[in-house]
1. So which of Lys42/Lys77; Lys179/Lys340; Lys42/Lys326; Lys179/Lys223 end up more than 23 Å apart, counting from Cα to Cα?
2. Can you tell me the 0 to 90 degree angle between the C-alpha axis of helix 15-31 and the longest principal axis of the chain, rounded to 10?
3. Using the heavy atoms of the protein chains alone and a 1.4 angstrom probe, what is the accessible area of the range 264-345 per residue in square angstrom?
4. Just to be sure I understand the curve: with the Debye formula and one point per C-alpha of the chain, what is log10 I(q)/I(0) at q = 0.09, 0.13 Å⁻¹?
5. Taking N as the number of residues in the range 291-346, what is its Cα Rg relative to 2.2 N^0.38 Å?
6. Between Lys59 and Glu335, what's the calculated FRET efficiency when r is the beta-carbon distance and R0 is 35 Å? Round to 0.05.
7. Identify all lysines with a Cα-Cα distance to Lys121 below 19 Å; exclude those on the same chain that are fewer than 8 residues away in sequence.
8. Could you check how much of the accessible area of the range 180-227 is carbon and sulfur, as a whole percent, using a 1.4 Å probe?
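The values are calculated or read from the model by the stated rules, or taken from the named source; none is laboratory data. Values in this document were obtained by computation on a predicted structure and should not be read as measured data. Every residue, glycine among them, receives a Cβ derived from its backbone with ideal geometry; neighbour counts consider all protein chains shown. Protein only, heavy atoms only, side chains kept; ligands, DNA and RNA dropped before computing areas. Shrake-Rupley method; radii C 1.70, N 1.55, O 1.52, S 1.80 Å.
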Amino acid sequence: MSRPSHILVIRLSAMGDVALIVPVLTHLLRTYPNLKITVLTKPFFAHLFDHLEQINVVKAEVKIRHKGIPGLWILAKQLHKLKIDTIADLHNVLRSRILCGFLKILGHEYYTIDKGRSEKKALTRSNNKILKPLKSTHQRYADVFKKLGLPLEKEFKIEKTQLPLSSEIESVLNLNKSKKWIGIAPFAAHSPKQYPLKLMKKVISKLSQEENTQILLFGGGKKEVKKLKAIAENFSNCESVAGKFSFPEELQLISNLDLMLSMDSGNGHLAAMYGVNVITIWGATHPYAGFAPFGQTQEQQLLPDLEKYPLLPTSVYGNKKVIGYKKVMDDIRPEDVIRKVKSNLL
């Protein structure tokens, strides 16, 4: 097939999955500098592409203008006017499949991601579990672009990108640029993959005592904002940024970190897409499912004892609770986390 000059990339949610696209698109544009890319995503996630000037973002308003089948038809006609050559559906859910069907009616070919659902089911089931590393999500995205006639190198890196900080950030936070900035995101969407807060406080306490470090706590939602504020007040060299800034401003801060410590969660992916070092703590989920932050090695991952907890991983997303597995992360000692952070600080 002839190489396309303008492609539509579809990925509506979730934040971590959208963030996983960024390094791949960065490499795609570096490999094919004349390529035009339009990304279709939810309005909130559009900011993830702000630093990539070559990318145009169309916001899918799936709860308003583009709601339901009639709304998807309106969206398809809107996208058709952009004169797209071909489509990469990196979401592969009912909504994106219907949209692609409409776009095909309008004359556009589309290619869909293989999510490896059967392999992931074998990885997470209790009986006859097949514990082996699966293809990474980044590679699954790249496979779709190969179908489009845009093959990519299997192994690639991205340069660290530091966004300029807003005047609001500079005025609100007492930032010391001579210190190492460590971001810590202690929460996760599901409790089975969240490191116990009492243990994370020990990690924060020890790291904040280091004279050359500055700790920034990340999170969202009223409950997390309140908890993070209380934690920060107890330690020196520690500030909570949760609830203080806009999402674009939080991204500015994340891009300027020296290291991010997170669960298997969105904040790790946000940091990785700017080339920031990321240490991840895993619970009910596992890097083998292919969702490790981009560019991070196995040495940057802390996992429970799989011999002690042979049913791990119990799910891909960490939303499944299994009897006897509530405290799988308690065996990951704060001392091990601290040591891993220190050894990866550049």
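1. Details: Lys42/Lys77 18 Å; Lys179/Lys340 18 Å; Lys42/Lys326 34 Å; Lys179/Lys223 29 Å.
In this structure, Lys42/Lys326; Lys179/Lys223 exceed 23 Å between Cα atoms.
2. Roughly 60 degrees, rounded to the nearest 10.
3. Working: 3520 Å² over 82 residues.
Heavy-atom SASA per residue in the range 264-345 reads 43 Å².
4. Taking Cα atoms of the chain as identical point scatterers yields -0.52, -1.05.
5. On the way: Rg = 13.1 Å, N = 56, 2.2 N^0.38 = 10.2 Å.
Its radius of gyration relative to the 2.2 N^0.38 Å reference: 1.29.
6. Working: r = 45 Å, r/R0 = 1.29.
With R0 = 35 Å, the Cβ-Cβ based efficiency is 0.20.
7. Filter leaves Lys129, Lys132, Lys135, Lys193, Lys320, Lys321.
8. C and S fraction of accessible area: 51 percent.
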